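Asker: Pasting a structure below so you can have a look.
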Amino acid sequence: QVQLVESGGGVVQPGGSLRLSCAATRNMFDIYSEAWYRQAPGRVRELVAAITPGDNINYADAVKGRFTISRDIAKNTLYLQMSALKPEDTAVYFCNFRYRPNDYWGQGTQVAVSS
């Protein structure tokens, strides 16, 4: 059974930075694609950033130039570095590891951007 454990959320002022982490209980980066999603109150879950085993990376237009997805294979950990945060980035952030039909989600971590 694979578990994804997220950490790093919190409250930050506009313009601030946070780094989210998603630790997997085993190494999955060789065949799994990884991604970060977020869900704000009353809205559907949306893709924020994704990375494939071949290191192809995609970002949502809303976060390009501000967020960076990365991974540390030795630590089995996926990261999302978030900078220049805006109030509209407020949401619960989820990590996702996918190799169909397997689809694993973290428990979610709250990010609140407020002055």
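Asker: So, in the stretch 80-110, exactly how many residues are more than 15 Å from Q3 (Cα to Cα) and in contact (Cβ under 8 Å) with a residue 12 or more places away in the chain?
Answerer: So the count comes out to 15.
Asker: Can I ask one more? Could you count how many residues in the stretch 1-23 are over 14 Å from V111 (Cα atoms), of a type outside the set (A, V, I, L, M) and open to solvent by 30 Å² or more (accessible area, probe 1.4 Å)?
Answerer: Selection size over the stretch 1-23: 2.
Asker: Inspect the stretch 48-58 for any residue being buried (at least 19 other Cβ atoms within 10 Å of the Cβ) and in contact (Cβ under 8 Å) with a residue 40 or more places away in the chain and give the result as yes or no.
Answerer: Yes.
Asker: Given the options R45, R26, name the one that is touching a Lys or Arg at 6+ places or on another chain (Cβ under 8 Å), surrounded by fewer than 18 Cβ atoms within 10 Å (Cβ to Cβ) and free of Cβ contacts under 8 Å to residues at least 60 places away in the same chain.
Answerer: That would be R45, the only listed residue that is touching a Lys or Arg at 6+ places or on another chain (Cβ under 8 Å), surrounded by fewer than 18 Cβ atoms within 10 Å (Cβ to Cβ) and free of Cβ contacts under 8 Å to residues at least 60 places away in the same chain.
Asker: Can you pull out the residues in the stretch 17-42 that are within 18 Å of K86 (Cα to Cα) and within 17 Å of the chain's Cα centre (by Cα)?
Answerer: Within the stretch 17-42, S17, L18, R19, L20, W36, Y37, R38, Q39, A40 qualify.
The values are calculated or read from the model by the stated rules, or taken from the named source; none is laboratory data. The structure displayed is predicted, hence computed values, not measured ones. Glycine gets a Cβ as well: all are built from the backbone with ideal geometry, and neighbour counts include every protein chain shown. Accessible surface areas use protein heavy atoms only, side chains included; no ligands, DNA or RNA. Shrake-Rupley method; radii C 1.70, N 1.55, O 1.52, S 1.80 Å.
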